[in-house]
Amino acid sequence: MALRSVIDRHGAPFTETELLSQARRGVASALAALYEVHAGELLRLGARMTGNRSDAEDLLHDLFVGLPELLGKYEHRARLDSWLRGVMIR
């Protein structure tokens, strides 16, 4: 599912910019949408890095708990998925 297919509660699609703006403010539905879009890939990356799913789930959890603050450092120079992978690796 791409970010452009996320729909708000009124049936209007969110742009990536709107979704990121809300996620920076800690809006739960925006964070959930980002999780839905990116969690699978990030979990697979974490499992490759750690060698097990449990540790990968912990890494993913920690990333999303801190995501509102981390998004303040995202500058749109890289694609969001690439940037999230870099954050997960660090």
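A few remarks follow.
- Considering the range 53-90, the residues that are in contact with a helix residue (DSSP H, G or I) (Cβ under 8 Å, 6 or more places away or on another chain) and open to solvent by 100 Å² or more (accessible area, probe 1.4 Å) include one that is modelled with the lowest pLDDT, namely Ile89.
- Residue ID - nearest to the chain's Cα centre (by Cα), chosen from residues in the range 14-41 that are assigned to a helix (DSSP H, G or I) and among the charged types (D, E, K, R): Glu36
- Of the residues in the range 42-56, none is under 14 Å from the mean Cα position of the chain (by Cα) and over 12 Å from Met88 (Cβ atoms).
- When residues in the range 53-90 are screened for being closer than 20 Å to Glu18 by Cα, without any contact (Cβ under 8 Å) to a residue 40 or more places away in the chain and outside any helix (DSSP H, G or I), 6 of them pass.
The values are calculated or read from the model by the stated rules, or taken from the named source; none is laboratory data. As the structure is a computational prediction, the values presented were derived from the model and not from experiment. Don't worry about glycine lacking a Cβ; one is built from the backbone with ideal geometry, like all the others, and counts go over all protein chains shown. Please note that ligands, DNA and RNA were not included when accessible areas were found on the heavy atoms of the full protein model with its side chains. Shrake-Rupley method; radii C 1.70, N 1.55, O 1.52, S 1.80 Å.
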